[in-house]
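Asker: Let me begin by handing over the structure; questions about it come next.
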2 protein chains.
Amino acid sequence: MKIKYNLLKKEKDTMARLGSLETNHGTFETPMFMPVGTLANVKTLVPEELKELGSGIILSNTYHLWLRPGEDVVEKAGGLHKFMNWDGPILTDSGGFQVFSLAKAKDIIEEGVSFKSHLDGRKLFLTPELSIQIQNKLDSDIAMSFDECPPFPVTYDYMKNSVERTLIWAKRGQDVHNNEKQSLFGIVQGGEFEDLRKYSALKTVEMNFDGYSIGGTSVGEDKETMYKMVEYATPYLPEDKVRYLMGVGDPIDIIEGVIRGIDIFDCVLPTRLARHANAFTRKGRINLKNLKFKEDFTSVDPECDCYTCKNYTKAYIRHLITSNEMLGGRLLSIHNLRFLIKLTEELREAIKEDKLLEYREKFIEKYEQKN
Amino acid sequence: MKIKYNLLKKEKDTMARLGSLETNHGTFETPMFMPVGTLANVKTLVPEELKELGSGIILSNTYHLWLRPGEDVVEKAGGLHKFMNWDGPILTDSGGFQVFSLAKAKDIIEEGVSFKSHLDGRKLFLTPELSIQIQNKLDSDIAMSFDECPPFPVTYDYMKNSVERTLIWAKRGQDVHNNEKQSLFGIVQGGEFEDLRKYSALKTVEMNFDGYSIGGTSVGEDKETMYKMVEYATPYLPEDKVRYLMGVGDPIDIIEGVIRGIDIFDCVLPTRLARHANAFTRKGRINLKNLKFKEDFTSVDPECDCYTCKNYTKAYIRHLITSNEMLGGRLLSIHNLRFLIKLTEELREAIKEDKLLEYREKFIEKYEQKN
């Protein structure tokens, strides 16, 4: 079975949508934040913890799994779900973003991208077909088309060519896709150019994918530009398909994305921040290394309901982090992920009650007041 | 309340004892392996996991907590249990072993030991009184006397003087100990010298501690010598007090210790091995980095009942470890700790059934056959 998106409600003042996504590994409500499990694990955490904090779906990275342990090992294990012991939905990206951001000495030709491995400098060549074939073997619930993800800014002419290339690559991937249980998403590109976003969206939708992503964000642009990139695309996406904004995990960006009609988000930010001692709180981000927390025996965020906040103090987590104890990063990863997932829960409530703009105002006012 | 040891049964063919230890934070059966939570956490794990794998008690290190976060922070948090969210029994060591093994530029005088911090080279001075005062503040269930822990080998004369010093230090610690809810253990030293072990045991027992440890093992001696160190001491320890062999965590050493009358063991080995990709199995130790496990979709040890073995394969754990994912060390820490705690559970059963020597033979035969 392919995924099925159910539009449950549209918010009255915005483009926000309440929905549910049915997959072969369970159904979850949207908007939803998706934790990133780069190498077949959400760093430091086990699946039971991800479930407890409300993760409806997780993401894993095709590029990383291709290099380690290799898609054949995952296939022999019975697919990614079985390999990593996660029985909920999984989305795999195409590897495109990693090739363009991590790898060195890139050479983009029509056939694909040749580049050097970020691990050992080995020469590699990734094509739209290979990306899809790897994802078929990983057996994720949702595969992404292989796209070109240019940095910001590039010239209009560069982006125009790039959009055409991404459309051709999307078609080539669709043609070789061969996994009845796996859905395939198209990706809208076009940078900050309104007409290119529209063109990319319309042409991608013509190919009739199972869902649509907005790519090319979080590549160096400012926030207002990112919001525009979303606004330029969503009006042309079908209402009966799910929409995924790639690589966005800042709390305010998630709210702004939802307001503009986005259903799913992913980002390494919550877990990466956690490993660097940073925590989201309702009053903005805090750094647990700060000396002022040395004898602070309150939880990281008094408004949070996560395992970490129910059981540990800032003083303890600060001690773990300043002592280089990995448990500190684990506890903050739980908190930061729960923070974003709870945010999407509250956004769903606000959509139900047609109070999304009011919710945004209150959230931002508090978040920017800082600790 | 001080701890209370109940001798439940003596095994017929050996000196092994089945017992239970009552503490202010719960009662557990002995023999028991005690996981090491150096810096107020058993590396990578949370208390719920330690409970699930059967930990009756954990150890934490006075030296490390003295340096980070400082005993005053722990005291202000409400003691070590509250600080680290572990409501079971805690034993703190005296810092003696760390001073002698970790610290640099040691100078031992009658007053105490001056040395340089292993963290920043800062000059520090630890005395028997200060060690006990720190432990009083940490508020562990069991504190250890501050002892001199010489390396192996030293001359008979050196050890003779050292034993006297340890006795004097034990008395000085006892005199300042001031925590009604905390028990205090004496430590038997004496190296490999039978008469010094006997003398140290008799004199320490005269001081009437709440329990007794055997120290000065795992400092470079061979296994037969270590077993002798235990044999030289246990006959002089009272039957109604618990006995703790410090720093021993090899499975066969635990069996040999139990046979010689030991009740409690601790060691960093299971968690340290885990972080270096090593796992205990019934057929000996394995290194998960080994290429032969790349497509091994069986559990780490088919005879293990731990969370890791129930849910993950060698191939997956190998992938995590070779990808430097911390989850690998976490999963192996759970397994290795459960391995040793299950071993002590089986030793308790063997004592009940008077089949300890038979158990030893079968265990060792299989363990040394290797994978």
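Asker: In whole angstrom, how long is each semi-axis of the equivalent ellipsoid of the range B:1-158, when you take the square root of 5 times every eigenvalue of its Cα gyration tensor and sort them from largest down?
Answerer: 28, 22, 14
Asker: Another one. So for the pair A:Met15, B:Phe125, with labels modelled 7 Å out along Cα→Cβ, what separation do we get in nm?
Answerer: Going by the 7 Å Cα→Cβ label model, 7.2 nm.
Asker: What FRET efficiency would be calculated for the residue pair B:Lys116, B:Lys283, taking the C-beta separation as r and a Förster radius of 60 Å, to the nearest 0.05?
Answerer: 0.85
Asker: Kindly report the accessible area of the range B:107-152 per residue (heavy atoms of protein chains, probe 1.4 Å, no ligands, DNA or RNA), in Å².
Answerer: In whole numbers, the range B:107-152 has 37 Å² accessible per residue.
Asker: Okay, next question. Counting only the heavy atoms of the protein chains, how much of A:Thr298 is accessible to a 1.4 Å probe, in Å² to the nearest 10?
Answerer: Surface open to solvent at A:Thr298 totals about 70 Å².
Asker: Still on this structure, I have one more. Report Rg/Rh for the range A:223-265, rounded to two decimals, where Rg is the Cα radius of gyration and Rh the Kirkwood radius.
Answerer: 0.93
Asker: Let me ask another. Any chance you could list P(r) for the range A:293-371, counting all Cα-Cα pairs in 10 angstrom bins from zero, rounded to whole %?
Answerer: Each 10 Å bin holds this share of Cα pairs: 17, 41, 28, 12, 2.
Asker: Do any trypsin sites (Lys or Arg not before Pro) in the range A:287-371 lie in a DSSP loop with no more than 11 other beta carbon atoms within 10 Å, and if so, which?
Answerer: Answer in residue order: A:Lys370.
Asker: Give the ranking of B:Ile168, A:Ile252 by solvent-accessible surface, highest area first, calculated with a 1.4 Å probe.
Answerer: Highest to lowest solvent-accessible surface, that is B:Ile168, A:Ile252.
Asker: To the nearest Å, what is the center-to-center distance of the range B:36-81 and the range A:113-174, using C-alpha atoms only?
Answerer: 48
Asker: Counting only Cα, what are the radius of gyration and maximum Cα-Cα distance Dmax of the range B:38-131, in Å?
Answerer: 14.6, 45
Asker: Then there's this: Towards the positive end of the charge dipole of the protein assembly as shown, with charges on Cβ (+1 Lys, Arg; -1 Asp, Glu), say which of B:Pro151, A:Pro35, A:Gln135 has the farthest Cα.
Answerer: Value computed over the given set: B:Pro151.
Asker: Relative to the longest principal axis of the C-alpha atoms of chain B, give the angle of the C-alpha long axis of helix B:128-138, reported between 0 and 90° and rounded to the nearest 10°.
Answerer: The two axes meet at around 50 degrees.
Asker: Let me ask another. Per the Kirkwood formula on distinct C-alpha pairs, the Rh of the range A:106-165 is how many angstrom?
Answerer: 13.2
Asker: Also, quick follow-up: Distance between Cα centroids, the range A:267-295 to the range B:188-252: provide it in whole Å.
Answerer: Using only Cα atoms to place each centre, the spacing works out to 46 Å.
Asker: Right, next: A:Val176 label points, 7 Å along Cα→Cβ, one per copy: pairwise distances from this copy to the rest in nm, shortest first?
Answerer: Values, ascending and in nm: 7.3.
Asker: Separate question: Rg and Dmax of the range A:81-190, using alpha carbons, in Å: what are they?
Answerer: In order Rg, Dmax, the Cα atoms of the range A:81-190 give 14.4, 46 Å.
Asker: Further question on the same structure: Connecting C-alpha atoms closer than 10 Å in a GNM of chain B, tell me which of B:Glu192, B:Glu349, B:Glu256 has the biggest fluctuation.
Answerer: In this elastic network of chain B, the residue with the biggest mean-square fluctuation among B:Glu192, B:Glu349, B:Glu256 is B:Glu349.
Asker: Relative contact order, percent, of chain A when contacts are C-alpha pairs under 8 Å separated by at least 6 residues?
Answerer: Reported as a whole number, the value is 18 percent.
Asker: Compute all pairwise cysteine Cβ distances in chain A, then list the cysteines with no distance under 4.7 Å to another cysteine.
Answerer: Within chain A, the cysteines lacking a partner Cβ under 4.7 Å are A:Cys149, A:Cys267, A:Cys306.
Asker: In chain A, what residue has the beta-carbon at the shortest distance from the axis of the rotation relating A to B, and what is that distance in angstrom, rounded to the whole number?
Answerer: A:Met326, 3
Asker: Using a label point 7 angstrom from Cα along Cα-to-C-beta, what distances in nm, from shortest up, separate A:Asn311 from the other copies?
Answerer: Shortest to longest, the spacings are 1.3 nm.
Asker: Give the whole-number value, in cubic angstrom per residue, of the convex hull volume spanned by the C-alpha atoms of the protein assembly as shown.
Answerer: With only Cα atoms used, the protein assembly as shown gives 163 Å³ per residue.
Asker: Can you send over the solvent-accessible area of B:Phe28, 1.4 Å probe, protein chains only, in Å² to the nearest 10?
Answerer: So the heavy atoms of B:Phe28 present about 10 Å² to solvent.
Asker: Let me ask something else. Length gain on complete extension for the stretch A:Met207 to A:Thr225, per 0.36 nm per residue less the alpha carbon to alpha carbon distance?
Answerer: Contour length minus the Cα-Cα distance gives 3.8 nm.
Asker: Mind listing the label-point distances from B:Lys223 to the same position on all other copies, shortest first, one decimal in nm, points 7 Å along Cα→Cβ?
Answerer: 6.3
Asker: Which trypsin sites (Lys or Arg not before Pro) in the range B:1-108 sit in a loop by DSSP (not H, G, I, E or B) and have at most 15 other Cβ atoms within 10 Å of their own Cβ?
Answerer: Passing sites in the range B:1-108 are B:Lys2, B:Lys12.
Asker: Follow-up question, since we're still on this one. Compute the long axis of helix B:356-367 from its Cα atoms, compare it with the longest principal axis of the Cα atoms of chain B, and write down the angle in degrees, 0 to 90, nearest 10.
Answerer: Tilt relative to chain B: about 60 degrees.
Asker: Using only Cα atoms, tell me the angle between helix A:156-176 and the longest principal axis of chain A; keep it within 0 to 90° and round to the nearest 10.
Answerer: Once rounded, one gets 80 degrees.
Asker: Students sometimes get this wrong: rank A:Asp210, B:Asp175 by accessible area, probe 1.4 Å, all chains present, largest first.
Answerer: Putting A:Asp210, B:Asp175 in descending order of accessible area: B:Asp175, A:Asp210.
Asker: Follow-up. How large are Rg and Dmax for chain B when calculated on the C-alpha trace, in angstrom?
Answerer: When restricted to the Cα atoms of chain B, Rg and Dmax are 20.1, 60 Å.
The values are calculated or read from the model by the stated rules, or taken from the named source; none is laboratory data. Everything numeric in this text was worked out from a predicted model, so none of it was measured. Using ideal geometry, Cβ is built from the backbone for each residue, glycine included, and neighbour counts are taken over all protein chains shown. With ligands, DNA and RNA removed, areas are computed over all heavy atoms of the protein, side chains included. Shrake-Rupley method; radii C 1.70, N 1.55, O 1.52, S 1.80 Å.
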